[in-house]
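J.: Pasting a structure here, questions to come.
The values are calculated or read from the model by the stated rules, or taken from the named source; none is laboratory data. None of these values were measured; they are calculated from a predicted model. All Cβ positions, even for glycine, are placed from backbone atoms using ideal geometry, and neighbour counts span all protein chains on display. Surface accessibility is based on the protein's heavy atoms, side chains included, excluding ligands, DNA and RNA. Shrake-Rupley method; radii C 1.70, N 1.55, O 1.52, S 1.80 Å.
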Amino acid sequence: MVFLNLLTFGLWGKLGRLTHYAVDAVLISTIIAGMRRSTGLTFNTERVSIGGDKDANKWIDKYLGVGEWVMDQSVAIAGSSGWFHRTR
């Protein structure tokens, strides 16, 4: 394993760390989507905007959209499995 690490200049560790950060970011986005659905509270993207930059708002909306998609897929999978049932 040391030889492989030397051969790839330690890229496996960096790739693992990058993957970990990406999964964490998706989980945070999914938590925000769940908060929006259960309480109606939405994230104020206008407050994050730096100097009225519309590109920043666009990227934040895309990031939050990933969480919405993950939430949709999770609910669909859980709803079709036999392990969960609706109470409302």
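J.: Determine the pairs where a residue that is more than 18 Å from Ser74 (Cβ to Cβ), located within the stretch 31-50, has a partner that is open to solvent by 100 Å² or more (accessible area, probe 1.4 Å) and in a helix (DSSP H, G or I) with Cβ atoms under 8 Å apart, the partner being 6 or more residues away or on another chain.
T.: That search, which allows pairs on different chains as well, returns Thr42/Arg36; Phe43/Arg36.
J.: Does at least one position in the stretch 65-83 carry a residue that is among the aromatic types (Phe, Trp, Tyr), open to solvent by 80 Å² or more (accessible area, probe 1.4 Å), modelled with pLDDT of 90 or more and assigned to a helix (DSSP H, G or I)?
T.: yes
J.: With respect to Thr42, determine if the residue is assigned to a loop (DSSP other than H, G, I, E, B), at pLDDT below 95 and surrounded by 10 or more Cβ atoms within 10 Å (Cβ to Cβ).
T.: For Thr42, the condition - assigned to a loop (DSSP other than H, G, I, E, B), at pLDDT below 95 and surrounded by 10 or more Cβ atoms within 10 Å (Cβ to Cβ) - is met.
J.: Of the residues that make up the stretch 45-58, is at least one open to solvent by 90 Å² or more (accessible area, probe 1.4 Å), assigned to a loop (DSSP other than H, G, I, E, B) and modelled with pLDDT under 90?
T.: The answer is yes, given that some residue of the stretch 45-58 is open to solvent by 90 Å² or more (accessible area, probe 1.4 Å), assigned to a loop (DSSP other than H, G, I, E, B) and modelled with pLDDT under 90.
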